[in-house]
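Below is one structure, written out as structure tokens; comments come after it.
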Amino acid sequence: MYGPRPARNRGEYMNAGHCVFAAIVLVGGFVAELSKEPKSGFVLLLIALLLIMAINLHDLVAHLARIDYRFLLMGFDTQLALVEFAVPMVQASGALLSFLGILFLYYYYYSANVVKVFKMQQIDGVRLKKLRGGAQERLIREREGPSPLILEEERRRKMIAGETRPAHIHATTPYKDVLVGHP
């Protein structure tokens, strides 16, 4: 970084403040994952990882600008190569891999749940069709009652036996009553 020493220190303090903020957001994301609504934690984790990646990439560019992007100088100074170049690069790469890993896990979890719900709806749909079909058949039987020829034959037998009351013909019942089983 160019400029007088106080300006460089201010830049380092700002960078440290951004790192602390990203760490707080990251911890908040992990804590939110334990809540009843883990999607908010997922979003916070992704935001924190993006912040960490951006901070480290900015730090890397700032360090490279300080040496005017002369990579050959890193061969003469091990600290420059490790601290100023390798650490921000590894941190940014790790944040990117974590971001992609969490995103992939969430996508996998979400798509697996969608497939599971879709399959359950298909199975339940078949079961409901069978139930509806069975209920429809019962409703038709209740509405039609016994066939008319059988009713007429029963009426004749009862009249012959001395019973003068006509046979009771079932009246139609609402669909709901047939399903519930109440006449």
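Can you tell me which residue among Ala81, Ala112, Ala54 is at pLDDT 90 or above and assigned to a helix (DSSP H, G or I)? Walk me through it before giving the result.
Working: Ala81 fails: at pLDDT 90 or above; Ala112 fails: at pLDDT 90 or above.
None of the other options fit; the residue is Ala54.
Considering every residue within the range 35-50, establish whether at least one is over 21 Å from the mean Cα position of the chain (by Cα), farther than 19 Å from Phe104 by Cα and either surrounded by 13 or more Cβ atoms within 10 Å (Cβ to Cβ) or not hydroxyl-bearing (Ser, Thr, Tyr) (or both). No: the range 35-50 contains no residue that is over 21 Å from the mean Cα position of the chain (by Cα), farther than 19 Å from Phe104 by Cα and either surrounded by 13 or more Cβ atoms within 10 Å (Cβ to Cβ) or not hydroxyl-bearing (Ser, Thr, Tyr) (or both). The test for being touching a residue at least 60 places away in the same chain (Cβ under 8 Å) and either over 17 Å from Glu12 (Cβ atoms) or of a type in the set (Asp, Glu) (or both) holds for Tyr106. Out of the residues in the range 57-76 that are part of a helix (DSSP H, G or I) and in contact with a helix residue (DSSP H, G or I) (Cβ under 6 Å, 6 or more places away or on another chain), which is surrounded by the most Cβ atoms within 10 Å (Cβ to Cβ)? Among those that are part of a helix (DSSP H, G or I) and in contact with a helix residue (DSSP H, G or I) (Cβ under 6 Å, 6 or more places away or on another chain), it is Asp59. Taken over the range 1-45, the criterion of being aliphatic (A, V, I, L, M), touching a Gly at 6+ places or on another chain (Cβ under 8 Å) and farther than 30 Å from Arg66 by Cα is satisfied by Val31, Ala32, Leu34, Val43, Leu44, Leu45. Pick from the range 1-34 the residues that are among the hydrophobic types (A, V, I, L, M, F, W, C) and outside any helix (DSSP H, G or I): which of them is surrounded by the fewest Cβ atoms within 10 Å (Cβ to Cβ)? If we take residues in the range 1-34 being among the hydrophobic types (A, V, I, L, M, F, W, C) and outside any helix (DSSP H, G or I), then Leu34 is surrounded by the fewest Cβ atoms within 10 Å (Cβ to Cβ).
Tallying residues that are in contact with a helix residue (DSSP H, G or I) (Cβ under 7 Å, 6 or more places away or on another chain) and surrounded by fewer than 16 Cβ atoms within 10 Å (Cβ to Cβ) within the range 79-101 yields 2.
The values are calculated or read from the model by the stated rules, or taken from the named source; none is laboratory data. This is a predicted model, so every value here is computed, not measured. Every residue, glycine as well, gets a Cβ built from its backbone with ideal geometry; the counts of neighbours run over all protein chains shown.
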